[in-house]
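The values are calculated or read from the model by the stated rules, or taken from the named source; none is laboratory data. The structure presented is a predicted model; accordingly, all values stated were derived computationally and were not measured. Backbone-built Cβ (ideal geometry, glycine too); neighbour counts: all protein chains shown. Accessible surface areas use protein heavy atoms only, side chains included; no ligands, DNA or RNA. Shrake-Rupley method; radii C 1.70, N 1.55, O 1.52, S 1.80 Å.
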Amino acid sequence: MHGRKKQQPNTAHASVWAALTVGAFPIVAITFSWLGVPPLQSFLSGAAASLLILLAEGITRRRWWISEPAIAELFEDPSFARRLLVVLAVVVLLFQTFILSGFLTNRSFDVSVARMILARQCTDPQHMLFVSLCRSAAMPAESVRDSDAVYLAVRNAAESRLLPGGFVTCALTPRTLKTTPTAATIEALVRCDRWMLGNIVRQPTSITFAEQVITATLHVSDDGIYHVDRWTNTDPATPLTSAQRDTLRRQTFRRAMEALSSR
């Protein structure tokens, strides 16, 4: 009897520390994800929170809850799994109630959800709805490139030089850019894709593509529009890396979807 009474406080303390350790991971990870933190960083933050609680327990109690005999006996209890499922169901229900209440009463919840959806979908939008949303809420780097008159002129020139004719979209990644009030010189990685549309699903499929590392010289007309004067394939022997090729492919696909959505 005395032995059991001595173990009860330890068991109670161990149960509290166990609940904190296990619960910290999903709570911190989900919270960080809702705040717009990338998934990997959210996962690592949750793991770090659980490890910090274990560290705090080791400093406070000089032992860890997982080493308690009572905890080991608890895991061996045949009814423990059923009780754990009930507790998890209650926790999930409470969490869902909290989320739904937040959606209904607090509009700030919508911002986190919209940011998370757009961050995932806008990298390679596969639906016309997301094409329109991503275009109006484009990433800063993309919006700068799209609004730059030099890049626009180079992409337009690339369509006729690399893959003339058909449904073609082009993208570029600049290496250097020098501008003056009347002219510009740019060195860039350029890719163009020619697309074919399905008969039933109007999904563009690339049937051929062309890639170049180019140097172009442009002049500015009286109406402020850039025009390409000279186009040189400066380094045809240097292949694009897989990361550069994938980035350009995503850009050409996005522009193809934008063109279809505007028709």
Checklist entry - Of the residues ALA56, ALA114, ALA119, ALA70, which is modelled with pLDDT under 70 and assigned to a helix (DSSP H, G or I)? => result ALA70
Checklist entry - Scanning segment 33-43 for residues that are at pLDDT 80 or above and closer than 25 Å to VAL87 by Cα, which turns out most open to solvent (accessible area, probe 1.4 Å)? => result PHE43
Checklist outcome for this item: By residue number, the members of segment 183-204 that are exposed (fewer than 12 other Cβ atoms within 10 Å of the Cβ) and in a strand (DSSP E or B) are none
Next on the checklist: Name the residue that is modelled with the lowest pLDDT, counting only residues in segment 206-228 that are acidic (Asp, Glu) and exposed (fewer than 11 other Cβ atoms within 10 Å of the Cβ).
Outcome noted: ASP223
Next on the checklist: Can you report the number of residues in segment 164-182 which are assigned to a strand (DSSP E or B) and open to solvent by 50 Å² or more (accessible area, probe 1.4 Å)?
Outcome noted: 5
